[in-house]
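**Q** Right, I'll just put the structure down here and ask away after.
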Amino acid sequence: MPAPRPPALAGPAATAVAGPGRRRDGGRPRPPVHLADLDVPERRSAAAELGQQPFRADQLSRHYFGRLTDDPGEMTDLPAGARAALSGALLPRLLTAERELSCDQGQTVKTLWRAFDGAYIESVLMRYPGRVTMCVSSQAGCGMACPFCATGQAGLTRNLSAAEIVTQVVAGARALARGEVAGGPGRVSNIVFMGMGEPLANYSQVIRAVRRMTDPVPGGLGISRRSVTVSTVGLVPAIGRLAAEGLPVRLAVSLHAPDDRLRDELVPVNQRWKVAEVLDAAWAYVAATGRRVSIEYALIREVNDQPWRAEALARLLSDHPAHVNLIPLNPTPGSRWTASDPGVMAEFEARLAARGVPVTVRDTRGRQIDGACGQLAAAGTAAAR
Ligand code: SF4
């Protein structure tokens, strides 16, 4: 039976056929279309194309987003024929867990996923007192080429589809609901787009995924929009687009240096959009959404951790609604880039605080399990070769 072709679905899932989609340009196959790629009207159209009553799509959606199951055997309110047709067409397996590693007494769980085409991605579930954060990947690999980052060294494989992004969250939500994560049953409360990839370089699929994560059941998972953080290295036009979406997600800007000379090297996209332009876009985002911006700053020993750079950063941020997250760099094996000494980190933090800039040193969960972004997937790719 042919799978439905969703109306006006842009991006990786645009050419829907049964099984992996084939691009007409002869390029990479695209992921099969999944329920989580579609909004409610698109799902109803898809059900109708399959010869089913449109409301059956809502029933399927309640199972997937509400009860967190994709097992047709558990969908007993759907007639057998509808169940087989809908689940067969709209719930293809997108990601297969290849490895799972945990630490922090089982409260941090990192999963290496293999996609339908063999691409590897990672997600991390982090349980804290009172909240559970899922860190998701938006691309397989990354094209931004930051020299200190494992993912950046491997380059971009491809954009993920919206459903491939949402699937990472659903898997975490399911494990929590079933009590499979240390600490007992729970829910995903926060999502950060800080896994592999530059989210705003996969704009349309990331926005679609955010809507699926935050629309109430049966449209999506019903997670608060305010609990979603989208990070970027500073793709200025895309920040402007995001500000106009009417989605009050938190924006996190990975700055890593206050001066263009160093940032041109650490974050090569800075050669296109300079620090001042990136921050202007961030302040416009604040004005449009009312959300404070997070400034991410990976502290790299003797590279960007000098006291004068702390002062320069403070000058850029004071009088703006920004919060700085200092991240001790998790070194990639074999790399010359490594974390700042604790004393240097403390002084950097103290200088920002003294200038009235809100600052915290980020808890580096998952460090023991190849925690730097892309390390697990890089290992998976190497093992598959
Ligand atoms: S730090 Fe982020 S943006 Fe830069 S290469 Fe790595 S994943 Fe991409």
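The values are calculated or read from the model by the stated rules, or taken from the named source; none is laboratory data. Quantities reported herein were computed from a predicted structural model and do not represent experimental measurements. Because the Cβ atoms are built from the backbone with ideal geometry, glycine has one as well, and the counts that use them run over all protein chains shown. Side chains included, ligands, DNA and RNA excluded: accessible areas come from the protein's heavy atoms. Shrake-Rupley method; radii C 1.70, N 1.55, O 1.52, S 1.80 Å.
**Q** Can you tell me which residues in the range 217-231 are in a helix (DSSP H, G or I) and open to solvent by less than 10 Å² (accessible area, probe 1.4 Å)?
**A** Selection gives nothing.
**Q** May I ask you to list pairs of residues, at least six apart or on different chains, whose Cβ atoms are under 8 Å apart, with the first in the range 233-260 being of a type in the set (D, E, K, R) and the second being assigned to a loop (DSSP other than H, G, I, E, B)?
**A** Filtered contacts from the range 233-260: Arg250/Arg291; Arg250/Arg292; Asp260/Lys274.
**Q** While we're looking at this one, here's another question. Of all residues being of a type in the set (S, T, N, Q) and under 20 Å from Met194 (Cα atoms) in the range 233-292, which is most open to solvent (accessible area, probe 1.4 Å)? Just the residue, please.
**A** Ser254
**Q** Still on this structure: Across the range 64-98, which residue is least open to solvent (accessible area, probe 1.4 Å) among those that are at pLDDT 95 or above and of a type in the set (Lys, Arg)?
**A** Ranking the candidates gives Arg67 first.
**Q** In addition: Only one of these conditions is not met by Ser123: (1) surrounded by fewer than 20 Cβ atoms within 10 Å (Cβ to Cβ); (2) in a strand (DSSP E or B); (3) within 16 Å of the ligand (Cβ to nearest atom). Which number is it?
**A** (1)
**Q** Applying the selection to the range 197-216, what residues are open to solvent by 10 Å² or more (accessible area, probe 1.4 Å), part of a loop (DSSP other than H, G, I, E, B) and within 16 Å of the ligand (Cβ to nearest atom)?
**A** Across the range 197-216, the qualifying residue is only Gly197.
**Q** Follow-up question, since we're still on this one. Can you tell which of Gly246, Gly234, Gly219, Gly240 is within 16 Å of the ligand (Cβ to nearest atom) and of a type outside the set (A, V, I, L, M, F, W, C)?
**A** One residue alone meets the criteria, Gly234.
**Q** I'd like the residue in the range 288-318 that is within 24 Å of the chain's Cα centre (by Cα) and hydrophobic (A, V, I, L, M, F, W, C) and, out of all such residues, is farthest from the ligand (Cβ to nearest atom).
**A** Per the criteria, the residue is Ala288.
**Q** Please specify each residue of the range 159-196 satisfying the condition of being under 23 Å from Val253 (Cα atoms) and open to solvent by 20 Å² or more (accessible area, probe 1.4 Å).
**A** Listed by number, the residues that qualify are Asn159, Ser189, Asn190, Val192, Met194.
**Q** Working only within the range 176-208, note down all residues that are more than 30 Å from Ala339 (Cβ to Cβ) and in contact with a Ser or Thr (Cβ under 9 Å, 6 or more places away or on another chain).
**A** Scanning the range 176-208 gives Gln205, Arg208.
**Q** If I filter the range 207-215 for residues that are touching a residue at least 40 places away in the same chain (Cβ under 8 Å) and closer than 18 Å to Gly152 by Cα, do I get at least one hit?
**A** No, that holds for no residue.
**Q** Looking at (1) open to solvent by less than 10 Å² (accessible area, probe 1.4 Å); (2) closer than 19 Å to Glu198 by Cα, which is the only condition Val132 fails?
**A** Only one criterion in (1) open to solvent by less than 10 Å² (accessible area, probe 1.4 Å); (2) closer than 19 Å to Glu198 by Cα is unmet by Val132, namely (2).
**Q** Another question about this same structure. Please go through the range 135-192 and give me each residue that is hydroxyl-bearing (Ser, Thr, Tyr), more than 16 Å from the ligand (Cβ to nearest atom) and not in a loop (DSSP other than H, G, I, E, B), ordered by number.
**A** Listed by number, the list holds a single entry, Thr167.
**Q** Go through the range 336-361 and give me each residue that's exposed (fewer than 15 other Cβ atoms within 10 Å of the Cβ), under 15 Å from Ile300 (Cβ atoms) and either modelled with pLDDT under 90 or among the hydroxyl-bearing types (Ser, Thr, Tyr) (or both).
**A** Hit for the range 336-361 is Arg336, nothing else.
**Q** Still on this structure, please answer the following. Here are some conditions: (1) in contact with a helix residue (DSSP H, G or I) (Cβ under 8 Å, 6 or more places away or on another chain); (2) of a type in the set (S, T, N, Q); (3) modelled with pLDDT of 95 or more. Thr151 meets all but one. Which one does it not meet?
**A** (3)
**Q** Would you pick out the residues in the range 31-51 that are farther than 29 Å from Ala140 by Cβ, aliphatic (A, V, I, L, M) and assigned to a helix (DSSP H, G or I)?
**A** Ala47, Ala48 - these are the residues of the range 31-51 that are farther than 29 Å from Ala140 by Cβ, aliphatic (A, V, I, L, M) and assigned to a helix (DSSP H, G or I).
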